[in-house]
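The values are calculated or read from the model by the stated rules, or taken from the named source; none is laboratory data. These numbers come from a predicted model, not from an experiment. Ideal geometry is used to build each Cβ from the backbone, glycine not excepted, and the neighbour counts take in all protein chains shown.
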């Protein structure tokens, strides 16, 4: 029982301040809710103000601690203001989940320059900017954990997704570089690599490809663990990487895809 309690205590987020980008829906929101249920002080960063405010309010109504902060992760000014607002409200930052991203399902010929820039800016520029402003506060707090959102396609290619594969591949290699740079500050940096998860983003990919949604979702479930992922599958992995249970884990990735790329 003592070992069990010690393990549970290691997962607790009591009084830790957690910043989640792209958190008004999908994996980001599911993770924010889990962190709040574990005692964390959660900052929901997104550009969907009405939804973000509503979700933060619902977390508070259930006894959790949460705020919504408008943040365009492609804008340096917006990111700086958002991080400052989090620190003003909660006093510091301990955990950062760089989750914001977009999925554009086109090949290099079909993809416009504007779409390429959007994919790179939201995913890679976003990781850089939010980390740029958050890390000094994590250093002041004595360290922390950064989790970058990758994909199974961080590790292998996929069809009609050239910008997505490039951005997620970059997110994984940024993770390794950041882990090397900030280990001295007691900041761990890891990458979670989801497979197909039942979110609005996944269903938007189906629409972009012009496929039948039922067939698309059946194909997405064709993996050793015969189902599409749930946001909680990813949230649980992020919680592990943020918690003291992973105290000696940095510069690596966890694939959470039901065996999709096995």
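Tabulated values for the structure
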read-out	value
Top-ranked residue in segment 250-262 [being surrounded by fewer than 18 Cβ atoms within 10 Å (Cβ to Cβ) and out of contact with any helix residue (DSSP H, G or I) (no Cβ under 7 Å at 6 or more places or on another chain); ranked as modelled with the lowest pLDDT]	262
Residues located in segment 2-19, provided they are assigned to a loop (DSSP other than H, G, I, E, B) and either at negative phi or modelled with pLDDT of 95 or more (or both)	12, 13, 14, 16
Residue check, residue 206 surrounded by fewer than 22 Cβ atoms within 10 Å (Cβ to Cβ) and either touching a strand residue (DSSP E or B) at 6+ places or on another chain (Cβ under 7 Å) or modelled with pLDDT under 95 (or both)	yes
Residue list for segment 221-262, filter: in contact (Cβ under 8 Å) with a residue 60 or more places away in the chain and at positive phi	251, 258
Elements of type helices (runs of 4 or more DSSP H) contained in segment 20-134, each with 1 or more residues being farther than 28 Å from residue 210 by Cβ	26-37, 49-61, 76-90
Some residue of segment 185-192 being surrounded by fewer than 20 Cβ atoms within 10 Å (Cβ to Cβ) and either more than 15 Å from the chain's Cα centre (by Cα) or under 23 Å from residue 8 (Cβ atoms) (or both)	yes
Tally, over segment 111-127, of residues that are surrounded by fewer than 16 Cβ atoms within 10 Å (Cβ to Cβ) and within 20 Å of residue 202 (Cα to Cα)	1
Qualifying residue in segment 144-159 (condition: touching a residue at least 40 places away in the same chain (Cβ under 8 Å), farther than 26 Å from residue 220 by Cα, more than 15 Å from the chain's Cα centre (by Cα) and not in a loop (DSSP other than H, G, I, E, B))	yes
Filter result (touching a strand residue (DSSP E or B) at 6+ places or on another chain (Cβ under 7 Å) and surrounded by 20 or more Cβ atoms within 10 Å (Cβ to Cβ)) within segment 86-110	86, 90, 93, 94, 95, 96, 97, 98, 99, 100, 101
Search result, residues across segment 37-54 that are surrounded by fewer than 23 Cβ atoms within 10 Å (Cβ to Cβ) and touching a helix residue (DSSP H, G or I) at 6+ places or on another chain (Cβ under 7 Å)	38
Residue check for residue 179: crowded, with 19+ Cβ neighbours inside 10 Å, out of contact with any helix residue (DSSP H, G or I) (no Cβ under 7 Å at 6 or more places or on another chain), touching a residue at least 60 places away in the same chain (Cβ under 8 Å) and more than 22 Å from residue 258 (Cβ to Cβ)	yes
Residue match in segment 155-163 (condition: surrounded by fewer than 19 Cβ atoms within 10 Å (Cβ to Cβ), at pLDDT 95 or above and over 27 Å from residue 128 (Cβ atoms))	yes
Scope segment 174-191; condition part of a helix (DSSP H, G or I) and touching a strand residue (DSSP E or B) at 6+ places or on another chain (Cβ under 9 Å); matching residues	174, 175, 176, 177, 178, 179, 180, 181, 182, 183, 185
Filter result (in contact (Cβ under 8 Å) with a residue 24 or more places away in the chain and over 17 Å from residue 107 (Cβ atoms)) within segment 206-220	220
Candidates 67, 83, 59 - the one that is touching a strand residue (DSSP E or B) at 6+ places or on another chain (Cβ under 8 Å) and within 25 Å of residue 179 (Cβ to Cβ)	83
Qualifying position, being more than 14 Å from residue 147 (Cα to Cα) and at pLDDT below 95, among 166, 200	200
